[in-house]
Amino acid sequence: MSKRPYQVCTCCVMDTSDEDITFDENGVCMRCKEYQERILPEWNYGKGHEAELHTLLDAIKKSGEGKPYDCILGLSGGLDSSYMLHLAVTEWGLRPFVFHIDCGWNLPVAEENIKRLTDKLGVELHVEKMDWNELREMQLAWFRTGLESLDAPQDHAFIALIDRFSRELGVKYILNGYNIATEIIADPASWNKGAGPTGDSTYMKDVIRKHCSIPIRHYTFTNGFKHKLYLPYVLGVKTVKPLNLVPFTRAEMIVTLSREYGYEPYGQKHFEDLITKFLEGWWSPTRFGHDIRRAQLSSLVVTGQMTRDEALKILEQPPLTEEESHELFVEVARRLEISEDELMAFHDMPECTEHFKSQEFVYNLGIRLYELLGLEKCIRR
C-alpha cells in the first residue's frame with residue numbers, strides 16, 4: 001500500500017492507492033489530463049465516426065466472402081461483449097464466430113445472459129471447456145506467488161484461443177469489446193507489480209514451472225510475437241474495437257440488452273465470473289488496499305456518465321457485503337479443493353518478491369509505439 005500522503009484526484013476518483021499517480025497544481029491526476037488532451041478530442045463520445053465505421057464494416061464483410069464467418073467475437077456474458085454482439089448482428093450485419101471459454105468459474109447470470117442473446121440472435125455458440133484439473137492447479141499456482149493479478153490463467157487462455165481460432169478459421173477480423181465509454185481509465189500498472197503481461201507465455205510458463213504441482217498439458221498458450229506481430233503483420237489478422245466508433249452510455253447498453261433479450265445486469269463490472277468477483281470484490285481491497293471500482297467509476301466520471309460526488313458516494317460502501325464476501329470465500333475454497341484456512345493463509349502471506357521471467361520490455365515498447373501512432377486508446381499508467 002502507498003505510504004504517500006493520501007490524495008484523491010479533484011476530477012475523477014483515482015487516488016494514491018496507485019503509487020505512481022501524479023497530480024497537477026489543481027489536484028487533477030495525469031489520467032484525467034491525458035483523457036482531455038489525447039483521447040477526448042479524437043473520440044468525441046463516439047460521435048462523428050460514421051464514415052470510419054462504414055469503411056471498417058465493408059472491409060470485414062469483404063474479407064469474409066465465401067467463408068462461414070467474417071469476424072471472431074469472444075462472449076463472456078458481460079455487458080461489453082454482449083452489447084457488441086447485439087450491434088454486430090442486428091445493426092452491422094456481421095457474421096461472427098462467437099465463442100465462450102468455460103474455465104469453471106461461470107456464474108449463472110453469465111450463462112443465462114449468453115443463452116438469451118445467442119438464442120434470440122440465432123447465432124451458434126462455440127464453447128471451449130478448459131481442463132478443470134489443470135485450471136484449478138494453475139489458479140492455485142498464482143495464489144502461491146503472492147501476486148495481486150491472479151486471474152492470469154483465464155485471461156491468457158482467452159487471448160490464446162482468439163489467436164488459435166483466427167488461424168484455424170482463416171478469419172481476418174477480431175472484434176474486441178474494449179471501449180472508451182466505460183473503460184478509458186485502466187487498472188493502474190502499480191497494482192500489477194511483479195506480474196508479467198497477460199499474453200506473455202514466457203511469464204505464464206515460468207509461474208507454472210515454479211508453482212504448479214502437476215504437468216500442464218492441455219492449456220493453450222500464445223506469446224507477444226504471435227499475437228502482436230505474426231497474426232497482424234504476416235497473416236493480416238486485425239483486432240478492431242468498433243464500440244469506440246458509436247455513441248452510447250453504460251446505462252443505454254443495459255436498457256437495450258434488457259429490453260431486447262431479458263438481459264440481467266449483475267452489478268459491478270466483471271462480476272459475471274465467480275473468481276473475478278471474489279478477487280476484485282474482496283481479495284484485492286482487503287489484501288492490497290486496491291479497489292478496482294476507482295478505475296471503473298473514474299471512467300464513467302470523465303466521460304460524463306456520473307458525477308464525481310456520485311462515484312465517491314458509491315465508494316463509501318465496500319464492493320461486497322460481509323455475507324457476500326463470506327459466501328464467495330467458502331465457495332472459492334471448495335472449488336479449489338483447499339481448506340478455508342489454506343485460502344486465508346494465501347491472503348495473509350507477504351506480497352510477492354519473487355522474480356518471474358517475462359517479455360514485459362517488449363510489450364511496453366509495443367504499447368509506447370501504439371501510443372505514438374495514435375492506436376492506443378486506453379490510459380494504462
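Only the coordinates and a few stated rules stand behind these numbers; no lab work does. Please read these numbers as outputs of a predicted model, since none were measured by experiment. Quick reminder, even Gly has a Cβ in these numbers, built from the backbone with ideal geometry, and neighbours come from all protein chains shown.
Direction-averaged shadow area of the convex hull around the Cα atoms of the range 1-133, nm²?
12.8
Please compute the Kirkwood hydrodynamic radius over the chain, one decimal place, Å, based on all pairs of different Cα atoms.
Taking the inverse mean of 1/r over all distinct Cα pairs, the chain comes out at 21.8 Å.
Just report the Cα centroid separation between the range 83-147 and the range 235-302, whole Å.
About 15 Å separates the Cα centre of the range 83-147 from the one of the range 235-302.
Which one, ALA157, MET349, HIS227, projects farthest toward the positive side of the charge dipole computed for the chain from Cβ point charges (K/R +1, D/E -1)?
HIS227
Tell me, what HN-Hα J-couplings in whole Hz come from the Karplus equation 6.51 cos²θ - 1.76 cosθ + 1.60 at θ = phi - 60° for each residue of the range 292-309, using x for Gly and Pro?
4, 4, 4, 5, 4, 5, 4, 4, 6, 5, 5, 8, x, 9, 7, 7, 4, 4
Per q in 0.21, 0.25 Å⁻¹, report the Debye log10 I(q)/I(0) for the range 178-275, using one uniform scatterer on each alpha carbon and no solvent.
Here log10 of I(q) over I(0) equals -1.20, -1.28.
Could you tell me whether the range 23-78 comes out rounded, prolate or oblate from its Cα gyration tensor? Rule is a ≥ b ≥ c as square roots of the eigenvalues, rounded for a/c under 1.5, then prolate if a/b exceeds b/c, otherwise oblate.
Note, shape of the range 23-78 comes out prolate.
Of the peptides 235-247, 16-28, 170-182, how do they stack up when ordered by the mean number of other Cβ atoms within 10 Å, highest first?
Per-residue mean Cβ counts within 10 Å order the peptides as 170-182, 235-247, 16-28.
What is the set of long-range amide H partners of THR198 at a cut-off below 5 Å, with H atoms built 1.01 Å from backbone N?
Counting only residues 5 or more places away or on other chains, the set is empty.
Putting +1 on Lys and Arg Cβ atoms and -1 on Asp and Glu Cβ atoms, find which of GLY281, PHE143, LEU125 reaches farthest to the positive end of the dipole of the chain.
Farthest towards the positive end: LEU125.
Provide the per-residue ³J(HN,Hα) series for the range 12-28, in order, calculated from phi with Karplus coefficients 6.51, -1.76, 1.60 and θ = phi - 60°, each as a whole number of Hz, with x at glycine and proline positions.
With coefficients 6.51, -1.76 and 1.60, one gets 10, 10, 5, 9, 6, 5, 8, 4, 9, 5, 10, 10, 8, 5, 9, x, 8 Hz.
List every residue whose amide H lies under 5 Å from the amide H of ARG95, counting only residues 5 or more places away in sequence or on a different chain, with H placed 1.01 Å from N in the peptide plane.
ASP70, CYS71
Amide H of ILE174 versus every other amide H placed in the peptide plane: which residues, excluding those fewer than 5 positions away on the same chain, fall under 5 Å?
Here the answer is ILE72, LYS238, THR239, VAL240, since their amide H atoms fall under 5 Å of that of ILE174.
Using a 10 Å cut-off around each Cβ, can you sort THR118, THR307 from fewest to most neighbouring Cβ atoms?
Least to most surrounded, the residues fall as THR307, THR118.
Report relative contact order for the range 30-372 in percent, whole number only (criteria: Cα-Cα under 8 Å, sequence separation at least 6).
In percent, rounded to a whole number, it is 23.
Which one, TYR6, MET204, THR321, is farthest towards the positive end of the dipole of the chain when Lys and Arg carry +1 and Asp and Glu -1 on their Cβ?
After comparing all options, I get MET204.
Take each of the peptides 311-319, 278-286, 291-299, 347-355, average the number of other beta-carbon atoms within 10 Å over its residues, and list them starting from the highest.
291-299, 278-286, 311-319, 347-355
Sort the following peptides by mean Cβ neighbour count (other Cβ atoms within 10 Å, averaged over residues), highest first: 35-41, 186-192, 111-117.
111-117, 186-192, 35-41
Counting Lys and Arg as +1 and Asp and Glu as -1, each charge on the Cβ, what is the dipole of the chain about the Cα centre in debye, to the nearest 20?
Taking the Cα centre of the chain as origin, the dipole is about 1300 debye.
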